[in-house]
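Below you'll find the structure, written out as structure tokens, and then a few comments.
Quick note: the coordinates plus some simple rules give every number you see, no bench work behind them. Please read all numbers here as calculations on a predicted model, not as lab measurements. All Cβ positions, even for glycine, are placed from backbone atoms using ideal geometry, and neighbour counts span all protein chains on display.
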Amino acid sequence: MGYVDLEIPAELIPQILEMLSVAKDAGKIKKGVNETTKSIERKSAQFVVVAGDVTPEEVVVHIPMLCKEHSIPYAFIPTKKDLGKAVGIEVGTSAIAVENAGGATEKLQDIIKKLPKPQK
């Protein structure tokens, strides 16, 4: 997809999904494009995850740009289905913002350290 501007190492993907799963129980997350966008604009997002299979891509194309603008780390997960499952919803979701990782804070910091740097 045209909006996926980071190549996430394959071994990081399960770690990101696991961190989201912990954060949804013990922390605070925002699900969906609108909630994620608001979270970024309010600078309350610590980390953003976007699905790589969103169509039309115009739905999420602004999220990586906003993240760069506000210096919020972000990552891509291959499918909306995996993203939805990680946060305990039956349907896929296009984007998730982690506002508070709760018990996954250490895991989140570790993931952020391993992420590739976005291209300007």
Discussion item. Students often forget the sequence filter, so: which aspartates and glutamates lie under 12 Å Cα-Cα from LYS81 once same-chain residues fewer than 8 apart are removed?
Written reply: ASP53, GLU90
Practice prompt. Tally the DSSP beta bridges in the stretch 12-114 and give the antiparallel ones as a percent, rounded to 5.
Written response: 65
Practice prompt. Kindly rank 78-84, 52-58, 14-20 from highest to lowest mean number of other beta carbons found within 10 Å of each residue.
Written response: 14-20, 78-84, 52-58
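Please give me the summed charge of the neighbours of GLU99: other residues whose Cβ is under 15 Å from its Cβ, Lys and Arg +1, Asp and Glu -1.
Working: positive: LYS24, LYS28, LYS30, LYS31, LYS38, ARG42, LYS43; negative: ASP25, GLU35, GLU41.
Neighbourhood net charge equals +4.
For the stretch 30-95, just say rounded, prolate or oblate: build the C-alpha gyration tensor, square-root its eigenvalues into a ≥ b ≥ c, call rounded for a/c under 1.5, and beyond that prolate if a/b exceeds b/c, oblate if not.
Numbers: a/c = 1.89, a/b = 1.47, b/c = 1.29.
Because a/c hits 1.5 or more and a/b exceeds b/c, the stretch 30-95 counts as prolate.
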Discussion item. Classify the chain from the C-alpha gyration tensor, please: rounded if a/c falls under 1.5, else prolate or oblate depending on whether a/b exceeds b/c.
Written reply: rounded
Discussion item. Give the lysines whose C-alpha is closer than 23 Å to that of LYS113, dropping any in the same chain fewer than 8 places away, or say none.
Written reply: LYS24, LYS28, LYS30, LYS43, LYS68
Fill in: Under 5 Å, built H, 5+ apart or other chain: amide partners of ALA95
GLY32, VAL33, ALA51
Practice prompt. Could you tell me the distance between the Cα centroids of the stretch 94-117 and the stretch 1-79, to the nearest Å?
Written response: 10
